[in-house]
Amino acid sequence: MAMQIFPSILSADFARLADEAARVPNADWLHVDVMDYHFVPNLTLGLPVVESLLKSTGTPLDCHLMIAEPDRWAPAYAEAGVGSVTIHAEAARAPVRTLREIRKQGARSGFALSPATPIEPYEDLLGEIDMLLLMTVEPGFGGQSFLDLVLPKIRRTRELIDRHGGEIWLQIDGGVSEETIERCAEAGADTFVAGSAVYGAADPAAAIDKLRALAQGGVQDDV
Ligand code: DX5
Ligand code: ZN
């Protein structure tokens, strides 16, 4: 399994986003946290900034929508040209329709679960999903501590994905660091968002290489 590292620009300097994207040329994708003061108690950026960022970097964008009414807003992000759009289970009212709309607009469809949301009710949706995001902190802020209580859900989700036989990426977001990434990989994750662990490092590109190597090692140890 190839391990992918997605730096989160939430921990970057918002006044210099193009430069911050250029500091991580070895990123697989860039993770963009869209927050609206409603679904989460924080506010970040929206479609106009995403459109500017699309023109400023060749790295594909992974938009994580932590917003109310994702059914209303998600398709526009896909239409703008981002590579992946993730909606939250707790906010979507018509997830099947919205996931299909995201794909129809040419993006990968992502589906996110907050720490307390179980995966089992969504098993029948796996065919609609290109990436499952399991939050390992409560969504809203960078720099929070990794929640180990999500590890059993990562294992159960990996089993479901393998049984489904699809090519669904299993993404982890929140508190991913050199201390925690190996246990996530060992539990079955293959795609890792890291904000403070990358942009808080003196050399963000080197931090990505280190995280990727640790994730790869976490899997090999298990073989
Ligand atoms: C939090 C965001 C994360 C955030 C992670 O709600 O979804 O993407 O940037 O930040 P770290 O890696 O610092 O926990
Ligand atoms: Zn995120």
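The values are calculated or read from the model by the stated rules, or taken from the named source; none is laboratory data. Keep in mind it's a predicted model, so treat the numbers as computed, not measured. Counting neighbours? That spans all protein chains shown, and the Cβs are built from the backbone with ideal geometry, glycine included. With ligands, DNA and RNA removed, areas are computed over all heavy atoms of the protein, side chains included. Shrake-Rupley method; radii C 1.70, N 1.55, O 1.52, S 1.80 Å.
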Separation in nanometres of the label points that stand 7 Å from Cα toward Cβ, at Leu125 and Glu178: 3.7 nm
Whole-angstrom gap from the stretch 46-83 to the stretch 95-170, using each part's C-alpha centre: 18 Å
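Taking a probe of 1.4 Å, how large is the accessible area per residue of the chain, in Å²?
Details: 9530 Å² over 223 residues.
Heavy-atom accessible area per residue stands at 43 Å².
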Cα lying deepest toward the dipole's positive end in the chain, options Ser109, Met3, Ala187, charges on Cβ: Ser109
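How big is the equivalent ellipsoid of the stretch 45-200 along its three axes, where each semi-axis is √(5λ) from the Cα gyration tensor, reported in whole Å from largest to smallest? Before the final figure, lay out the partial values.
Working: eigenvalues 106, 78, 38 Å².
The equivalent ellipsoid of the stretch 45-200 has semi-axes of 23, 20, 14 Å.
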Set of lysines with alpha-carbon distance to Lys104 below 27 Å, sequence-local pairs under 8 removed: Lys55
Test item: Cα-centred dipole of the stretch 116-157, Lys/Arg +1 and Asp/Glu -1 on Cβ, debye: 220 debye
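Ranked highest first by the average count of other Cβ atoms within 10 Å around their residues, in what order do 162-171, 189-198, 59-68 fall?
Details: 162-171: 15.9, 189-198: 26.2, 59-68: 22.8.
The peptides rank, most packed first, as 189-198, 59-68, 162-171.
Give me the percent of the accessible area of the chain that comes from carbon and sulfur atoms, probe 1.4 Å, all protein chains in place. It would help to have the intermediate numbers written out before the result.
Values: 4710 of 9530 Å².
Here carbon and sulfur together make up 49 percent of the probe-accessible area.
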Computed P(r) (all Cα pairs; the stretch 44-127; 10 Å bins; percent): 18, 52, 25, 5
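Can you tally the net charge around Arg156? Count Lys and Arg as +1, Asp and Glu as -1, for every other residue whose Cβ sits under 12 Å from the Cβ of Arg156. Write out the running numbers ahead of the final one.
Working: positive: Lys153, Arg155, Arg158, Arg163; negative: Glu120, Glu123, Glu159, Asp162.
Local charge sum for Arg156: 0.
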Whichever lysines have a C-alpha closer than 26 Å to that of Lys153, once near sequence neighbours (fewer than 8 apart) are set aside: Lys210
Point-to-point label distance, Asp162-Glu138, nm (Cα→Cβ direction, 7 Å offset): 3.3 nm
